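Please read the structure below before turning to the comments.
The values are calculated or read from the model by the stated rules, or taken from the named source; none is laboratory data. In this text the structure is predicted, and so the values were computed from the model without any measurement. Reconstructed Cβ throughout: ideal geometry from the backbone, glycine too, with neighbour counts over all protein chains shown.
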Amino acid sequence: MNDQTLIRMTGITKTFPGVVANDSIDFDLRSGEVHSILGENGAGKTTLMNILSGMYQPDEGETYVRGQKVNIRSPHDSLRLGIGMVYQHFALVPPLTVLENIILGFEGGMMLSLKKAEKKLQQLTAEFGLSMDYRQKVSNLSVGERQKAEIIKILYHGSETLILDEPTSVLTPIEAKELFRTLDSLRKMGKAVVLITHKLSEALAISDRITILKLGRKAAELDGDELRQMGHEAASEKILHMMFGDMPIAKASAVAKELGDQVVLGLDRVRAINTRGVVGLKAVTLTIRKGEIFGIAGVDGNGQKTLAEVIGGQRKIESGQILFKGKDISHASICDRFEMGISYITDDRIGEGCVPDMDLAENAIIQCYYQLPYSRHTVINNQVINAHADDLIRQFNIKANGPGDRAGTLSGGNIQKFILARGLCTKPALVVCNKPTYGLDARTVRYIQELLLEESKQGSSILLISSDMDELLNYSDRIGVLFNGELLAVLDRADAAPEKIGKLMFGIKS
């Protein structure tokens, strides 16, 4: 074993009902390196790191830390061994301050010394260049600041290994650059970093090594320097071939369709309060035509989710008017809007999009269980429901054994495809999509993008909220830019240059 090897996992196998998530995987991590893990959704990336972080226990295999065999039975065990994981969905308590979150669960006895904790935190942030107002409540922080707080929390407890699961999926380009500067600093100071990502450009830019998983098995381990010498295009092709074999990834289709003048959705000076109790939308006015993909760009937290919830009915408006096919729906319920033909695809696939402990059949009819043919006179027809879920699984190529699988056992990408399948199967007139492709592998991303494009060609209107600039530019007919709750501009696709959109995202109008 290499003297620099910090962690070694051998023969790791983990199965869930009907699924082999990890199949005899070997993985090692060295001090002072960034080791990325790539693979399509369901390849076993997060499962493998959940085993290392103590969330799961393997069915077979062994783990060694600094040459010593260990049994990691919980996240507390992993932290004690110097291993910390930053999850895609942060594990912070919003009403508490950054400092309180950092020491939560590690108070160390009956007496709590905040001054001692503050001093240690000041030394740590100075050492790693991670400046932050640790007296701020987490609820007041941006997404990027929350992620930084998670990293500081891990470092505060002396971790030598940091595992980051899709860390840039919720970050702006500027926040992502700052994160990678932090990771480079950690590497130079001898820390080991595992980066789970679907973004090839990020993995190629920063990785010392890249491990590729495919169908729960280790397909390859590649040297970062050697890949960079090949050039970005050749290296990307090599990685994609190992991930997907000879199955091609479709190229983005040009948006070629004629849009009429029929307005499906209209917002007139809509004002709404967001989850933090402040104004999330300020007099927003927009129209979406039949068959149009209307993209929404903006730095996270500038009103995108509030806009989606206002249209879907999850959030009330303070003033203004919402018209759907000419009818005022400003105060219509979620159920009424769904029955009218409005489908809302949330960005929170686990917390809002499904019930993880319910099976796929139950999740498939969660919005329409009371309707024919799923029930009659309040009696559920399980045969019809199972057949419906089975159709969704087959038509949308969802990796599941069948309608009886619990939703929570699916990979993130397959949950996302299932949520989209459920939302599109009713042939809605308007689909509100909040980040439908974030955190997904390249093939699943293109599948969903082409699916939405085809829906628009069939006459459905799409509100596409995305932090992926290429996605917006390739698929939107028009792009609106939100800043601080205001719709600063609406640009036709031909006029929507990335530089122009980028400036608007930061409030620069000229």
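If you scan the stretch 415-424, which residues turn out to be crowded, with 24+ Cβ neighbours inside 10 Å and of a type outside the set (A, V, I, L, M, F, W, C)? Result: 416, 417, 422. Taking first residues from the stretch 64-78 that are farther than 17 Å from residue 158 by Cβ and partners that are exposed (fewer than 10 other Cβ atoms within 10 Å of the Cβ), the Cβ contacts under 7 Å between residues at least 6 apart in sequence or on separate chains come to 67/1. Taking each residue of the stretch 447-463 that is farther than 16 Å from residue 296 by Cβ and looking for partners that are surrounded by fewer than 20 Cβ atoms within 10 Å (Cβ to Cβ) and aliphatic (A, V, I, L, M) with beta-carbon atoms closer than 7 Å, six or more apart or interchain, yields 450/250; 453/255; 460/429. Restricted to strands (runs of 3 or more DSSP E) entirely inside the stretch 393-510, those with at least 1 residues that are at pLDDT 90 or above, within 30 Å of residue 19 (Cα to Cα) and of a type in the set (S, T, N, Q) are 430-434. Of all residues in the stretch 6-39, exactly one satisfies the criterion of being aromatic (Phe, Trp, Tyr) and in contact with a strand residue (DSSP E or B) (Cβ under 6 Å, 6 or more places away or on another chain), namely 27.
Residue by residue through the stretch 201-228, note down the ones that are under 15 Å from residue 167 (Cβ atoms) and hydrophobic (A, V, I, L, M, F, W, C).
Looking only at the stretch 201-228, we keep the residues that are under 15 Å from residue 167 (Cβ atoms), and these are 201-203, 205-207.
If the condition is that a residue be under 15 Å from residue 167 (Cβ atoms) and hydrophobic (A, V, I, L, M, F, W, C), then 203, 205, 206 are the ones that fit.
Condition first: assigned to a helix (DSSP H, G or I) and of a type outside the set (Phe, Trp, Tyr). Can you find one or more residues in the stretch 88-99 that meet it?
Checked the stretch 88-99: at least one residue is assigned to a helix (DSSP H, G or I) and of a type outside the set (Phe, Trp, Tyr).
Any chance the stretch 191-201 includes a residue that's buried (at least 17 other Cβ atoms within 10 Å of the Cβ), touching a residue at least 60 places away in the same chain (Cβ under 8 Å) and charged (D, E, K, R)? Within the stretch 191-201, one or more residues are buried (at least 17 other Cβ atoms within 10 Å of the Cβ), touching a residue at least 60 places away in the same chain (Cβ under 8 Å) and charged (D, E, K, R).
Can you find a residue in the stretch 207-220 that is in contact with a strand residue (DSSP E or B) (Cβ under 9 Å, 6 or more places away or on another chain) and free of Cβ contacts under 8 Å to residues at least 24 places away in the same chain? Yes, the stretch 207-220 contains a residue that is in contact with a strand residue (DSSP E or B) (Cβ under 9 Å, 6 or more places away or on another chain) and free of Cβ contacts under 8 Å to residues at least 24 places away in the same chain.
Would it be correct to say that residue 203 is hydrophobic (A, V, I, L, M, F, W, C), touching a Ser or Thr at 6+ places or on another chain (Cβ under 6 Å), at pLDDT 90 or above and not in a loop (DSSP other than H, G, I, E, B)? Can you show your working first?
Numbers: hydrophobic (A, V, I, L, M, F, W, C): yes; touching a Ser or Thr at 6+ places or on another chain (Cβ under 6 Å): yes; at pLDDT 90 or above: yes; not in a loop (DSSP other than H, G, I, E, B): yes.
Judged against the criteria, residue 203 is a match.
The single condition among (1) part of a strand (DSSP E or B); (2) closer than 25 Å to residue 200 by Cα that residue 51 does not meet is (1).
Within the stretch 425-443, being crowded, with 22+ Cβ neighbours inside 10 Å, closer than 18 Å to residue 265 by Cα and of a type outside the set (Val, Ile, Thr) holds for 430, 433, 434.
For residue 354, state whether it is part of a loop (DSSP other than H, G, I, E, B), surrounded by 15 or more Cβ atoms within 10 Å (Cβ to Cβ) and under 26 Å from the mean Cα position of the chain (by Cα).
Values: part of a loop (DSSP other than H, G, I, E, B): yes; surrounded by 15 or more Cβ atoms within 10 Å (Cβ to Cβ): yes; under 26 Å from the mean Cα position of the chain (by Cα): yes.
Yes: the conditions hold for residue 354.
Answer yes if at least one residue in the stretch 299-315 is touching a Leu at 6+ places or on another chain (Cβ under 6 Å), touching a residue at least 60 places away in the same chain (Cβ under 8 Å) and either at positive phi or part of a loop (DSSP other than H, G, I, E, B) (or both), and no otherwise. Yes, because at least one residue in the stretch 299-315 is touching a Leu at 6+ places or on another chain (Cβ under 6 Å), touching a residue at least 60 places away in the same chain (Cβ under 8 Å) and either at positive phi or part of a loop (DSSP other than H, G, I, E, B) (or both).
For the stretch 73-83, name all the residues that are crowded, with 19+ Cβ neighbours inside 10 Å and at pLDDT 90 or above.
Taking the stretch 73-83 and keeping what is crowded, with 19+ Cβ neighbours inside 10 Å, we get 78-79, 81-83.
78, 81, 82, 83 - these are the residues of the stretch 73-83 that are crowded, with 19+ Cβ neighbours inside 10 Å and at pLDDT 90 or above.
The set of residues from the stretch 122-164 being modelled with pLDDT of 80 or more and among the aliphatic types (A, V, I, L, M) comprises 138, 149, 151, 152, 154, 155, 162, 163, 164.
When you go through 16, 90, 27, 106 one by one, which is the residue that is out of contact with any Gly (no Cβ under 6 Å at 6 or more places or on another chain) and modelled with pLDDT of 90 or more?
Numbers: 16 fails: modelled with pLDDT of 90 or more; 90 fails: modelled with pLDDT of 90 or more; 106 fails: modelled with pLDDT of 90 or more.
From the options 16, 90, 27, 106, the qualifying one is 27.
Taking residue 218, is it surrounded by 15 or more Cβ atoms within 10 Å (Cβ to Cβ), out of contact with any helix residue (DSSP H, G or I) (no Cβ under 7 Å at 6 or more places or on another chain) and either of a type outside the set (Gly, Ala, Ser) or assigned to a helix (DSSP H, G or I) (or both)? Show your work before the answer.
Working: surrounded by 15 or more Cβ atoms within 10 Å (Cβ to Cβ): yes; out of contact with any helix residue (DSSP H, G or I) (no Cβ under 7 Å at 6 or more places or on another chain): yes; either of a type outside the set (Gly, Ala, Ser) or assigned to a helix (DSSP H, G or I) (or both): yes.
When the stated conditions are applied, residue 218 passes them.
For the stretch 332-351, filtered to residues that are among the hydrophobic types (A, V, I, L, M, F, W, C) and not in a helix (DSSP H, G or I), the residue that is nearest to the chain's Cα centre (by Cα) is 350. Taking the numbered list (1) within 23 Å of residue 141 (Cβ to Cβ); (2) under 18 Å from the mean Cα position of the chain (by Cα); (3) in a loop (DSSP other than H, G, I, E, B); (4) touching a residue at least 60 places away in the same chain (Cβ under 8 Å) in turn, residue 168 passes all entries but (4).
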